[in-house]
1. Taking R94, is it surrounded by fewer than 21 Cβ atoms within 10 Å (Cβ to Cβ), at pLDDT 90 or above, among the basic types (K, R) and under 33 Å from the mean Cα position of the chain (by Cα)?
2. Could you tell me how many of the residues in the range 464-505 are over 14 Å from V560 (Cβ atoms), more than 32 Å from the chain's Cα centre (by Cα) and assigned to a loop (DSSP other than H, G, I, E, B)?
3. Which of the residues belonging to the range 125-154 are of a type in the set (G, A, S) and not in a strand (DSSP E or B)?
4. Being acidic (D, E) and crowded, with 18+ Cβ neighbours inside 10 Å is the filter here; which residues of the range 586-616 pass it?
5. Inspect the range 557-575 for any residue being at pLDDT below 80 and not assigned by TED's automatic domain parsing to the domain that holds V480 and give the result as yes or no.
6. Name the residues in the range 247-270 that are of a type in the set (K, R) and either surrounded by fewer than 19 Cβ atoms within 10 Å (Cβ to Cβ) or in a loop (DSSP other than H, G, I, E, B) (or both), would you?
7. Determine, yes or no, whether G61 is surrounded by fewer than 20 Cβ atoms within 10 Å (Cβ to Cβ) and in a loop (DSSP other than H, G, I, E, B).
8. Six or more apart or on different chains, Cβ atoms under 6 Å: show the pairs whose first residue is in the range 443-454 and crowded, with 24+ Cβ neighbours inside 10 Å and whose second is in a strand (DSSP E or B).
Amino acid sequence: MIRVLPDTLVNQIAAGEVVERPAAVVKELVENSLDAGARAVEVEIEQGGAGLIRIRDDGKGIAADELSLALTRHATSKIGSFDDLERVATLGFRGEALPSILSVSRLKLVSRTADAEHAWELGGAGHIDGAVPRPAAHPFGTMIEVRDLFFNTPARRKFLKTEATEFRQIQQAVSRIALSRFDVGFALRHNGRRVFDLVPAAGDEGRLSRIREICGDEFVTQSTAIDESRLGMRLHGWIGLPSFARPQADLQYIYVNGRLIRDRLLAFALKRAFADVMHSTHHPAYVVYLEVDPASVDVNVHPQKTEVRFREARQVHDLLFGAVHQLLRRLRPEPERHHQIQLAAEPMPDVVPGFVAPSGGASVSVWRQTARLDLREPSANRYAAPRTSESPGASLWQPPKPAPISESSAEIAATPAADARPLGTPLAQVHGIYILAQNDHGLVLIDAHAGHERVLYERLKQQLEEGGVPAQALLVPEVVTMAEDEADALEAQHEQLRRYGLEFDRSGPGSILVRAVPPLLGRDAVATLLRELVGDEVRRDSDTHFGEALDAQHRVLADVACKSAIKAHRRLTIAEMDALLRDMERTDLAGQCNHGRPTWMQITLAELDRLFLRGR
């Protein structure tokens with residue numbers, strides 16, 4: 001038999017979507033405070049929110065004759081017509097939160113408007129049937145007290161996590177909201193203990209102070225501001241540097257018109273912007289704000305309003321991807337701002353009686369990258385890897401040997417304008433892997449392979465933009481064997497791979513005959529490159545992956561650059577080292593290799609002095 005459900009049961013069903021856990025209650029109530037014009041919000045929690053949630057604000061309050069309506073389902077002052085729903089400018093608008101929370105808790109609502117002589121109070125346990133407002137003592141604004149959450153739905157209460165876990169979720173919820181409203185003060189307390197007290201933030205310094213409080217000092221020092229407008233949209237905020245990439249996506253905040261959202265389209269656009277400067281297993285960090293016309297975004301698509309739908313999704317994607325991508329390409333060394341990593345985590349052994357090793361360890365700095373240097377033709381041949389193959393045609397990949405250079409390291413060090421070289425003057429090579437250089441700030445350590453890899457990658461991208469990577473024919477074609485399904489996948493991408501300088505034919509069910517390769521690629525790397533290009537595509541959906549042009553470009557060119565770059569233990573002359581450093585300074589995004597690893601690190605004089613206890 002079909003029957004109409006009672007209001008109490010309807011509200012409890014709705015609460016299943018709106019009130020998942022105590023953090024959801026806090027989110028809804030704090031957002032209501034902001035919609036009421038509050039400039040100060042206090043959140044008091046006991047027992048992880050299961051015992052008590054109390055929210056106080058200094059907003060405009062609720063009139064006595066509207067208190068009952070405020071606790072009635074689908075009663076709201078925020079919208080009144082379909083046109084209002086099409087242009088939602090508030091955080092809440094459905095009128096579901098308060099009645100849903102009331103249906104699963106013991107709730108008390110106390111409020112006072114600016115023109116009222118005193119406050120009024122209304123409450124109930126699960127419902128307010130027959131309850132009438134009564135006078136109460138309270139300053140201007142509103143206080144909502146939620147006790148014994150899920151007291152009448154024991155099955156829901158059983159699913160709550162530990163007190164610490166539930167409070168951590170509450171703290172994160174308040175922190176996320178605090179990042180969206182710098183003009184509002186937020187206080188959070190748990191079991192009588194002050195957790196944080198955020199004052200209203202004014203100006204850039206105030207906003208950075210709040211960002212530092214919530215996201216940490218390292219994010220502030222390892223991020224750069226962004227502000228880009230296009231087609232009536234504005235993107236602004238802070239983007240973490242590639243060197244600050246994280247193993248988890250735990251520092252990503254996207255706000256649309258002040259509302260924190262989780263949107264795959266926007267997250268995908270931001271991650272793609274980092275594609276060639278960050279390892280695929282890592283995630284970028286950012287706090288960004290997108291401002292769009294409210295009519296161009298639908299916020300009524302998710303029970304908790306954490307997902308939205310854009311009417312012009314492609315334009316939004318292009319704004320985020322394009323703005324961040326261009327920002328990253330303008331990065332260059334900035335010694336004044338860097339992050340620290342431990343140089344010595346353990347005390348060094350005593351080598352002189354009575355000598356005490358420095359405690360805490362010294363630190364190495366990774367320079368921040370910020371503005372673009374002029375892009376010139378890289379001099380890759382001056383430091384290309386030596387050929388090990390003696391097979392016919394090997395000379396086709398072997399670059400001409402550098403002309404005899406009489407310039408010594410001392411002469412290079414005396415070159416005018418050496419102080420304008422961020423990567424400094426090369427002094428020596430360490431174990432055939434790293435280059436040791438000196439600049440105005442101290443010592444620089446450069447990973448030769450990683451730096452050369454970035455130079456070659458950017459050169460290949462430039463060639464591709466100018467019409468395609470040139471192909472150099474092999475005197476003796478190379479036969480590469482692989483599984484038949486891999487050969488099928490590779491053959492399907494034949495025309496696209498030709499643009500990257502790879503020309504081949506199918507010579508058998510499981511064999512590929514390579515006729516030409518990019519000039520920088522060594523013969524011994526051809527087979528490895530082809531197998532790596534196609535291996536992952538067979539395991540995944542090859543068409544889907546190659547369908548994204550930029551992703552395909554990055555994958556192919558990055559593999560070519562990696563296989564062509566200087567190998568470990570290749571001995572370089574001072575002149576070759578200097579040529580590599582100068583090319584890195586002229587190359588976009590030279591601070592990271594194509595896989596997101598740092599290419600160089602700075603050790604300042606102050607850090608060296610601290611390491612050797614100078615000045616103590």
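The values are calculated or read from the model by the stated rules, or taken from the named source; none is laboratory data. The model shown is predicted, which means the values in this text are computed figures rather than measured ones. A quick note on method: Cβ atoms are made from the backbone with ideal geometry, for glycine too, and the neighbour counts reach across all protein chains shown.
1. For R94, the condition - surrounded by fewer than 21 Cβ atoms within 10 Å (Cβ to Cβ), at pLDDT 90 or above, among the basic types (K, R) and under 33 Å from the mean Cα position of the chain (by Cα) - is not met.
2. 3
3. Pass one, the range 125-154, residues of a type in the set (G, A, S): 125-126, 130-131, 136-137, 141.
Passing the criteria: G126, G130, A131, A137.
4. If the condition is that a residue be acidic (D, E) and crowded, with 18+ Cβ neighbours inside 10 Å, then D588, E607 are the ones that fit.
5. Within the range 557-575, none of the residues are at pLDDT below 80 and not assigned by TED's automatic domain parsing to the domain that holds V480.
6. R262, R264, listed by residue number.
7. Values: surrounded by fewer than 20 Cβ atoms within 10 Å (Cβ to Cβ): no; in a loop (DSSP other than H, G, I, E, B): yes.
Spelling it out, it is not the case that G61 is surrounded by fewer than 20 Cβ atoms within 10 Å (Cβ to Cβ) and in a loop (DSSP other than H, G, I, E, B).
8. Once the first residue is crowded, with 24+ Cβ neighbours inside 10 Å and sits in the range 443-454, its partners that are in a strand (DSSP E or B) give V444/A437; V444/W600; V444/Q602; I446/I435; I446/W600; A448/I435.
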